[in-house]
Amino acid sequence: MKKFLLVCVCTLFCISAFSQANNTINPDEIKDLNLASAANVQLAMSNPDYMVTAGDIYALAYAAGSTAVRYTILVDSTYKIRVSNLGIVDATGKSFLELKKQVEDIVSKNYPMSGVQFSLTTPSSFRIIIKGEVKETTEKSAWALTRLSDVLKECLTNYSSLRNIMITSANGKIKTYDLFKAQRDGNMKEDPYLRPGDVISVKKANRTVNLRGEVFRVGLYQLLDGETIKDLFEYYGNGIPVYADDTRVQITRYDDETDKDGHKFYIDYSKDKNFELCDSDDVYVPSYRSLKPVMFMEGAIGSAEGVDLDASTKRTIQFEKGTKYDDLIKRYAGYFTAVSDISNAYIIRDAEIIPLDLSKILYDSSYVSNLLTEPYDTLRIPFKQYFVSVAGSVVAPGRYPYIPDRTWEYYIGLAGGFIKTQNNHDAIRIVDINGKELSKTDIITPETTITAETNSGLYYFNLYAPVVTTVLTLISTTLSILAVTGVFK
């Protein structure tokens, strides 16, 4: 025991010295390793599936009379375990619980009332090889509770098969596993624990089919030999809902890798449930809902989040036959916004224009309309025509569309900006629709008038200087003529 303690002290001293000299080991890393090891011990001892593995370290303790006996037992590749001097146990193929019972029975038989205890102190770790249809052949660390799926997560390619994975054990036995069944059905026998010396070989998938549309579980599925579209729908897709149109299932097939677009064809699944699929087929199940009639709503509409004020929007609306416009408008009331002129909406039906006041439908509880929605109707919602007038010393005075939350500078800019020779210091006068004068910091409202003032002294000088000059020139000329003619003699 003293020798064991001395070895431990020396080992810790060497680790500490090596860490200080090379700066490669720090206390946090050692702590993390210890925590991970402790967690693995707990998992192993609580899991009835934990198999005794070469490299495991066990502790055996009991009382031989008044003498306390403690042994550290290391399992080597022979799996032969010496139980003190009482016997040898073959641990090959045994779980930890089976080995524990056998060892404790041997000790108890020789030393009754010995309080025997057999525990796992350090689970073994080992390396396994992964090869085949993987990103690259590699070795990975594992321990006795590492499953096949744990080591394959980052190794597979887009072409790796989950249905045909072979594991060759150290004794040469080969078994094939189907990870999809483990993932879908919870059949964990298809996702086995790994053992020392295992070599994992991943095959290339034979048939991969993309299933989408009206099925309960869409996805990319790898089919086994002999499986048909019935298996794809009923097992992989988990069935199809009642509104799925299985009479016109669309299949896109690619002849080879150079066929980028593929070619489409349709099958009636109700009549051909044994249709055979090919690798890379894309299977789309449409819905009867897509056969509903449609109408269009366009103009000043958006969604609950708002509307693009600078562009018209068009939406396709599905409806049931016999739907009244009253019900349709109320259902899509969230499409209308502050800029929607709902009072002047109208329906375009072939060459006919039908006015429809949506405000009555939305806000007048006594209003009833029996107008039915027809296929391919277009309900057009105009934009409300709000304007802001810009006048005075600007390049292009006029009326400009009102846009919410824009400042006076925006509308002056629309008018081409100030005429600098006429306007000094951006002097303006803002008057709202009610005649109230606003300041530059106030919000611009619809029908506001913005007047750029003409306040430049130089402008007025340039405006009247030619007139004054002309008058003075006339006076001077007149006086000169009079002087010549002797009027002033």
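Just the number, please: percent antiparallel of the DSSP beta bridges in the chain, rounded to the nearest 5. If we restrict to bridges inside the chain, about 85 percent are antiparallel. The mean accessible area for residues of the chain, using a 1.4 Å probe and ignoring ligands and nucleic acids, is 60 Å² per residue. Rounded if a/c is under 1.5, else prolate if a/b beats b/c, else oblate: with a ≥ b ≥ c from the C-alpha gyration tensor eigenvalues square-rooted, which is the stretch 242-308? Taking the square roots of the gyration eigenvalues as a ≥ b ≥ c, the stretch 242-308 is oblate. Positive-end ranking of L474, I433, L60 along the dipole of the chain, with charges on Cβ about the Cα centre, is headed by L60. Once the Cβ-Cβ distance of D225 and L43 is raised to the sixth power relative to R0 = 41 Å, the FRET efficiency obtained is 0.60. Subtracting the Cα-Cα distance of F275 and Y243 from 0.36 nm times their residue separation leaves 9.4 nm of extension gain. Multiplying the residue separation of R82 and T421 by 0.36 nm and removing their Cα-Cα distance gives an extension gain of 111.2 nm.
Using 0.36 nm per residue and subtracting the Cα-Cα separation, the extra length available between R406 and T121 on full extension is 95.2 nm. From the square roots a ≥ b ≥ c of the eigenvalues of the alpha-carbon gyration tensor of the chain, which class results: rounded (a/c under 1.5), prolate (a/b over b/c), or oblate? Taking the square roots of the gyration eigenvalues as a ≥ b ≥ c, the chain is prolate. Here's the list of lysines a cross-link from K173 could span, going by alpha-carbon distance under 30 Å and ignoring same-chain residues fewer than 8 apart: K80, K94, K100, K101, K131, K135, K140, K153, K181, K189, K203, K204.
Specify the longest stretch of the chain that does not include any exposed loop site, a site being one of the GluC sites (Glu not before Pro) with a non-H, G, I, E, B DSSP assignment and at most 11 other Cβ atoms within 10 Å. For GluC sites (Glu not before Pro) (loop position, at most 11 other Cβ atoms within 10 Å), the longest site-free span of the chain is 321-489.
With each label modelled as a point 7 angstrom along the Cα→C-beta vector, the S369-L291 pair spans 3.0 nm. Think of the chain as a dipole: +1 on every Lys or Arg Cβ, -1 on every Asp or Glu Cβ, centred on the Cα centre; then among F296, Q385, N206, N206 lies furthest on the positive end.
Taking 17 Å as the cut-off, the amide N atoms of the stretch 122-152 that come nearer than this to a point 7 Å along the Cα-to-beta-carbon line of N158 belong to 133-136.
Spatially close Lys pairs in the stretch 229-376, defined by Cα atoms under 14 Å apart and a spacing of eight or more places or different chains, total 4.
Placing unit charges on each Cβ (+1 for Lys and Arg, -1 for Asp and Glu) gives the chain a dipole about its Cα centre, and among T121, G226, G186 the Cα reaching farthest toward its positive end belongs to T121. Quick one: Karplus J couplings for the stretch 160-168, per residue in order, coefficients 6.51, -1.76, 1.60, θ = phi - 60°, nearest Hz, x for Gly and Pro? Coupling constants for the stretch 160-168: 6, 8, 8, 9, 9, 10, 9, 10, 9 Hz.
Rounded to the nearest 0.05, the FRET efficiency derived from the C-beta distance between K324 and E352 at R0 = 22 Å is 0.75.
Within the accessible surface of the chain, defined with a 1.4 Å probe on protein heavy atoms only, the carbon and sulfur portion equals 54 percent. When only the Cβ of Lys, Arg, Asp and Glu is charged (+1, +1, -1, -1), the dipole of the stretch 75-211 relative to its Cα centre reaches about 320 debye. Each Lys and Arg adds +1 at its Cβ and each Asp and Glu adds -1 at its Cβ; summed about the Cα centre, the chain shows a dipole of about 1520 debye. Each Lys and Arg adds +1 at its Cβ and each Asp and Glu adds -1 at its Cβ; summed about the Cα centre, the stretch 161-264 shows a dipole of about 400 debye. Here the relative contact order of the chain, from alpha carbon pairs under 8 Å that lie six or more residues apart, stands at 7 percent. Backbone amide hydrogens, once placed in the peptide plane, bring F387 within less than 5 Å of Y402, E447, excluding anything fewer than 5 places away on its chain. Close amide H contacts of G237 (hydrogens built in the peptide plane, cut-off under 5 Å, sequence separation of 5 or more or a different chain): none are found.
By a 1.4 Å probe calculation restricted to protein chains, D442 has an accessible surface near 60 Å², given to the nearest 10.
The values are calculated or read from the model by the stated rules, or taken from the named source; none is laboratory data. Everything numeric here is computed off the predicted structure, so don't read it as measured data. Cβ atoms come from the backbone with ideal geometry, glycine included; neighbour counts cover every protein chain shown. Heads up: the accessible areas ignore ligands, DNA and RNA and are worked out on the full protein's heavy atoms, side chains in. Shrake-Rupley method; radii C 1.70, N 1.55, O 1.52, S 1.80 Å.
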